[in-house]
1. At a threshold of 8 angstrom on Cα-Cα distance, excluding pairs fewer than six apart, so keeping six or more, what relative contact order does the chain reach in percent?
2. First check a/c for the range 64-151, with a ≥ b ≥ c the square roots of the eigenvalues of its C-alpha gyration tensor; if it is under 1.5, answer rounded, and if not, answer prolate when a/b is larger than b/c or oblate otherwise.
3. Restricting the count to DSSP beta bridges whose residues both fall in the chain, what percent are antiparallel, rounded to a multiple of 5?
4. Let me have the 222 nm mean residue ellipticity of the chain computed from DSSP H runs of 4+ only, each contributing -39500 (n - 2.57), with the sum over all residues rounded to the nearest 500.
5. Taking Rh as the Kirkwood radius, which is the inverse of the mean 1/r over Cα pairs, what is the Rg/Rh value for the chain?
6. In nm, what is the difference between 0.36 nm times the number of residues separating V4 and A38 and their Cα-Cα distance?
7. Report the normalised scattering of the range 1-130 as log10 I(q)/I(0) at q = 0.11, 0.19, 0.22 Å⁻¹, calculated by the Debye formula with identical scatterers on the alpha carbons.
8. Within the set of other residues whose C-beta is less than 14 Å from the C-beta of L82, count the net charge using Lys and Arg as +1 and Asp and Glu as -1.
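Read the figures in this text as sums done on the coordinates, not as results from a lab. A quick note: this is a predicted structure, and the numbers were derived from the prediction, not measured. Note: ideal-geometry Cβ built from the backbone for every residue, glycine included; neighbour counts use all protein chains shown.
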Amino acid sequence: MELVLLPNENLVQRISVEKVHPTAPLVACDFYIAGIEAGQEVPGGFQLGRILNIDHHAASASMARTVSSTNLAIDRVRQCGLPAPESRVVITHTDCDSVLSTAIMLGRVPPEDIFGEAAIAADHTGAENPIADLLQGLQPHRDFELSLRNLTLLLQGSPVDLLAEEALNERQRKREQASHVAARFQQEGSLFYLALEEDTDSEFFPSLLPDAALILVAMPKPHDSRYSYMKLRLGTRAESGFSINDLNVNSFDPGYGGRWNAGSNKRNGGTLMTIEHYVEALSRNLECWQTAQA
Ligand SMILES: [Mn+2]
């Protein structure tokens, strides 16, 4: 099997994936393909024509749970074995979840639970996990072989490359920075919120705020501080079955967009609302959802 790295675009069209090869089966790991839900739900994801999409971003109810592409790849290989040798495996980025799901689909690492746990730590909780920390740290290099080689070294207990060691240290530094910031959050029920001066990596917050069901951070829009960027993330305390989509954020902030567990209004220029008003509106909608459940 051959690996193909496509540019990391916001929304990948089916045709861009099909152009990788005129006839070979295509396995697309850890990125969303526009309209993939029109395909058939199969073990591990969706099959649409020649494309098997192993990805947790699809807008279907089955994906709105704590799952990563790596967990889907593990299910897939356990149930169906490896793809045909002439397949092309396609990725757009090289974070922990992309690297692990791809390595599993290529048959270069076994479909074991430790990799699923690492992907969840990287994508959902931000908890300390040596595999997640190594692979998230190496992500900017966009070099699958570099990531996989260092993963192998780590699993053997051998020293990793200098580059990987630096990436791990940098990630540790960011986690410590986030833990200082985490101490400043305010709380409204299970909603934790904080106005920041500048953009901060929010991936560590769920593990640093274990009592949060919902995490909101605000930051001023650069060059126009009348507007605020709002970033929302599901916390680890969220009720199962609850997703950010249930909050109907667009009812008070039309610029908000995102997935079931994270999103922001950054792409649409932010909002004039203050964080206090945003918290009020979120709490009101959360209450509506809870009342509807009862
Ligand atoms: Mn990913």
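1. For the chain, the relative contact order is 12 percent.
2. The shape class here is oblate.
3. If we restrict to bridges inside the chain, about 55 percent are antiparallel.
4. -10500 deg cm²/dmol
5. 0.98
6. Computed gain between V4 and A38 is 9.8 nm.
7. Taken in order of the listed q values, log10 I(q)/I(0) reads -0.32, -1.02, -1.40.
8. The answer is +1.
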